[in-house]
Each structure stands twice: as C-alpha cells, then as structure tokens.
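A short worksheet on the structure shown next.
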Amino acid sequence: MTETYKMYRTDSDNTSIEAANSVDATKLEAIVWAVIDKYGTTGCIQDDVLNDLSNYRYNSITNRFKALEEKGLIVRCEVTRRGKSGRNQRVMMSKRFYDLEEITDEEIIQAVAEQKAGV
C-alpha cells in the first residue's frame, strides 16, 4: 500500500491529511492497474484511463500512476500520443506487456506486500 504521507504535501492542513487517511489506495491502485493492463502491448494514455474510470475523481486515478510505476507494475514509455487537450501524453503499459513477459498474480501480490513492508 502507498504510505499515507506520500498522499499529501508537508504543508497540508488537517482536512487533507484526514482525506489521505480515508483513501483505500491499494484498491484504487488495483483498479487503475487492471485498466492499464487491459490495453496490452498498445498501452494507453492518461485520458484513456480517465475515460474508462469516469465514475472516479480525476485525482483519485492520476495519483495512482506514480505508485504503480514505483512498484514496478507499469512503465511510462518514451512514446507519446495526443490527448483530448491536444497535448502529448506518455503511453503507459503494464510491465508484463512492456517486457513481453508474463507477470503472475503471485508477483503482483508480492510487489504489493513488499511495498507494505517497506522493502
């Protein structure tokens, strides 16, 4: 799980800290990873993920990209695609498709467990 202190700024007020403590980051990370993973070897941009998860708030989704990248579950490629704004966005891809290897469910569970343990 992503440590709570990473989910707010050091100068945040108490309401921001309370909000960060109330978020189930692990659940959201799993949801975001599943969306990115379904795009396979073509990958996706942020706009694709936001479109697929339109019932979630923008910040709830976009804040998970860094955590997933740090856990080694996704890769932000050097390739870009044009987003809805007309600006380029980096393509994200599940690591198993980026490496053209299979990441097992066990490896995903292990990565989450290591993150919880601070390894």
Working out 0.36 nm times the residue gap between residue 90 and residue 26, then minus their Cα-Cα distance, what length gain in nm do you get to one decimal?
20.7 nm
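Please order 69, 106, 29 by the number of other Cβ within 10 Å, starting at the fewest. All intermediate terms of the calculation are to be shown ahead of the outcome.
Details: 69 14, 106 8, 29 22.
The fewest-first ordering by Cβ neighbours comes to 106, 69, 29.
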For a Förster distance of 25 Å, can you work out the FRET efficiency between the beta-carbons of residue 51 and residue 117, rounded to the nearest 0.05?
0.15
Order of 68, 28 - criterion: other Cβ atoms within 10 Å of each residue's Cβ, fewest first
28, 68
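FRET efficiency for residue 58 and residue 106, Cβ-Cβ distance as r, R0 = 41 Å, nearest 0.05?
The pair residue 58/residue 106 has a calculated efficiency of 0.80.
Each reported figure results from applying straightforward, stated rules to the coordinates on display, with no laboratory input. What you see is a predicted model, and the numbers here were worked out from it, not measured in a lab. Virtual Cβ from ideal backbone geometry, glycine too; neighbours counted across all protein chains shown.
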